[in-house]
Amino acid sequence: MSDDGNSRQVSDFGPPVMGEPYLLTPGPLTTAASVKREMLKDWGSWDRDFRAMTAEMRKHLVGLVADGSADFDCVPIQGSGTFVVEAMLGSFLPRDSKTLVLVNGAYGQRIVQTLQYLERSHVVIDKGDYLPPRGPEVTEALTADPSISHVVVVHCETSSGILNPIREISDAVHAAGRKLLIDSMSAFGALPLNASEMKYEAIVSSANKCIEGVPGFGFIIARTDVLAAAKGNSHSLSLDAHAQWVNMNKTGQWRFTPPTHAVAAFMEALRLHKAEGGVAGRGVRYQKNRDTLVAGMRDLGFETLLKDRWLSPIIVTFFNPAHPSFEFGRFYDLMKHKGFIIYPGKLTVVDSFRVGCIGRMDDAVMSQVVKAAGQSLAEMGVETAAPPESALIERAKLAA
Ligand SMILES: *Cc1c(COP(=O)(O)O)cnc(C)c1O
């Protein structure tokens, strides 16, 4: 497999470049050497070859949620994931709409903030850091306020790693006759979102999450009738999903300079995704990554923020150990020195850190992560990674 001259590539999931650490982060993440290599060529954005690539990419992405269905189409948008979330909200929420936003972390809060910028009417159910929004409370909110037209939810809330019960929420929204938009940024490609099993208007994700491409663009996958109806809604020229869609269908081109190298890399990432068994295959690898990580870290005394039921195979939050010699900055540096970049926590109440399970790595790599964590604790003089009692009390209280 390894023909890039990097001698340390022990397996398919070995460090792709000598001395480069693994990114245990929710994107940008560790990518395959072959994905990076695709970026060595320059592409003309107008050229037929690049247009064909864009068309193939859109078709492939639709196929991941709606096999062979003409009812859905894909609209790629330049920028990071947030740009694409904003494009979806601005394009599909009419100016007289009213939206229920389901919040349980930073990305849900960002959706609320976006709606404030867009001046779209909205109400919020905020579950804090620990708990998923549930079907019955969505039903209750929609019944109580018939003027709510749309619901927006985050699929995997990457701030805590909680996997929201997307199917249950979709059923509740559909039963109430409202429309659902999903931020599936960190879940798409590894967790099922099959349009034949679940109703939604649109989902968004980006190149540098579970498909394992590099950053530069995101994409909306939406019902064709929803795209057609979105004309004139958007507040923004560059983030107008309808205009991008119409132009792309007419000319095969992106309206403004496309991230050509990132798209080329993404095509190779899609090829690897398919070779691994698509969404199901990728999901299995990430689950193994998570299971190896969580079991190993628990052996060291670490505790997860979430109960097993809500642990996603995307990213896991651990409480900081209570031991007085533990200091996150030092732990981070020791882990980095061993080849692993971890991620600080994003919780409001307790100190925590996160470890991503996504990217080009397997459970053998995750075993090394656990080993490195154990060694790092020993170097700090931390005998056990058990969290403070207060964190566990807080968790029990909020998750009751
Ligand atoms: C990564 C991510 C985003 C987008 O973040 P960017 O930094 O703009 O790429 C949005 N929502 C979720 C759930 C994410 O994980």
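The values are calculated or read from the model by the stated rules, or taken from the named source; none is laboratory data. Because the structure is a prediction, the values reported are computed rather than measured. Because the Cβ atoms are built from the backbone with ideal geometry, glycine has one as well, and the counts that use them run over all protein chains shown.
A few remarks follow.
- Criterion: at pLDDT 95 or above and either part of a loop (DSSP other than H, G, I, E, B) or under 16 Å from Ile342 (Cα atoms) (or both) - qualifying residue of Ala322, Ala295: Ala322
- For segment 298-319, a residue qualifies if it is closer than 21 Å to Met361 by Cβ and in a helix (DSSP H, G or I), and the qualifying residues are Arg298, Asp299.
- Residue within segment 350-361 that is assigned by TED's automatic domain parsing to the domain that holds Gln287, under 23 Å from the mean Cα position of the chain (by Cα), on the phi > 0 side of the Ramachandran plot and not aliphatic (A, V, I, L, M) present: yes
- Of all residues in segment 366-381, those that are more than 21 Å from the chain's Cα centre (by Cα) and closer than 12 Å to Gly296 by Cα total 8.
- Look at (1) part of a strand (DSSP E or B); (2) within 30 Å of Asp47 (Cα to Cα); (3) within 16 Å of the ligand (Cβ to nearest atom) and you find that Cys210 fails only one, number (1).
- Among the residues of segment 167-179, not a single one is closer than 22 Å to His60 by Cα, at pLDDT 95 or above and crowded, with 17+ Cβ neighbours inside 10 Å.
- The one condition in (1) small (Gly, Ala, Ser); (2) touching a strand residue (DSSP E or B) at 6+ places or on another chain (Cβ under 7 Å); (3) at positive phi that Gly68 fails to fulfil: (2)
- Applying the criterion of being within 12 Å of the ligand (Cβ to nearest atom) and touching a Ser or Thr at 6+ places or on another chain (Cβ under 7 Å) to the residues of segment 68-87, the residue that is farthest from Met185 (Cα to Cα) is Glu86.
- Looking only at segment 178-193, residues that are assigned to a loop (DSSP other than H, G, I, E, B) and within 16 Å of the ligand (Cβ to nearest atom) come to 7 in all.
- Only one entry of Val365, Val355, Val279, Val350 meets the criterion of being at pLDDT below 95 and either aliphatic (A, V, I, L, M) or touching a Pro at 6+ places or on another chain (Cβ under 9 Å) (or both), and that entry is Val350.
- Any chance Phe266 is under 19 Å from the mean Cα position of the chain (by Cα), assigned by TED's automatic domain parsing to the domain that holds Ala66 and part of a helix (DSSP H, G or I): yes
This table checks each residue for (1) within 14 Å of the ligand (Cβ to nearest atom); (2) over 27 Å from Lys307 (Cα atoms); (3) within 14 Å of the chain's Cα centre (by Cα).
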site	(1), (2), (3)
Gln116	no, yes, no
Gly128	no, no, no
Val153	yes, no, yes
Arg167	no, no, no
Ala176	no, yes, no
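- Checking each residue in segment 20-56 for being part of a loop (DSSP other than H, G, I, E, B) and within 16 Å of the ligand (Cβ to nearest atom) picks out Leu24, Thr25, Pro26, Gly27, Pro28, Leu29, Thr30, Thr31.
- Filter pass, Ala222 being away from the ligand (no atom under 12 Å from the Cβ), closer than 30 Å to Met39 by Cα and small (Gly, Ala, Ser): yes
- Remark: pairs (first residue in segment 134-148, under 11 Å from Leu100 (Cβ atoms); second residue loosely packed, with under 14 Cβ neighbours inside 10 Å and modelled with pLDDT under 95; Cβ separation under 7 Å; 6+ apart in sequence or on different chains) are absent.
- Among the candidates Ser205, Ser196, Ser234, the residue that is outside any loop (DSSP other than H, G, I, E, B), among the hydroxyl-bearing types (Ser, Thr, Tyr) and either more than 18 Å from Met53 (Cβ to Cβ) or within 15 Å of the ligand (Cβ to nearest atom) (or both) is uniquely Ser205.
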